[in-house]
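The values are calculated or read from the model by the stated rules, or taken from the named source; none is laboratory data. None of these values were measured; they are calculated from a predicted model. Reconstructed Cβ throughout: ideal geometry from the backbone, glycine too, with neighbour counts over all protein chains shown.
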């Protein structure tokens, strides 16, 4: 463990054990634990640890939900619609120039039932093993579409 990592762990322990309201108090708390640190270093540590002031004292940030999968985020931010095209094919729509990135993300996620993808500029064909897989994959993809991008299957967004 590096000295910076060690110092940051000690900071977290110190704020959990007692009331530390200022950076100067943080420097003093570190010194009491045998760690020499400047106020500037403590300031950087506070930023890196994302500490927050609550009730006048430094605290760890509230626990967050785990970050979403970046591949799912790529799909969610760009996918506009999903429509079936027979038992073994889904047609996905994206903004112009985004289809290849969405297809690459979909391939990287390797959802069950998907045989492969073929992307153009704003359209992706997704081959699925059977109709049941098509329904499941379409439902999953539709759950990823951001509400402001959701269009009824097969409908194109109105031109502005």
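Summary of computed values
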item: Subset of the range 17-34 (residues that are modelled with pLDDT of 90 or more, part of a loop (DSSP other than H, G, I, E, B) and closer than 20 Å to residue 56 by Cα); result: 20, 21, 22
item: Number of the exception - residue 40 against (1) touching a residue at least 12 places away in the same chain (Cβ under 8 Å); (2) assigned to a helix (DSSP H, G or I); (3) exposed (fewer than 15 other Cβ atoms within 10 Å of the Cβ); result: (1)
item: Matching residues in the range 85-102 - criterion: being surrounded by 13 or more Cβ atoms within 10 Å (Cβ to Cβ) and either outside the structural domain of residue 145 (by TED's automatic domain parsing) or more than 17 Å from residue 73 (Cα to Cα) (or both); result: 87, 88, 89, 90, 91
item: The range 106-138: number of residues that are crowded, with 16+ Cβ neighbours inside 10 Å and part of a loop (DSSP other than H, G, I, E, B); result: 2
item: Criterion (within 30 Å of residue 120 (Cα to Cα) and either outside the structural domain of residue 131 (by TED's automatic domain parsing) or at pLDDT below 85 (or both)) met by exactly one of 67, 37, 105, 14; result: 67
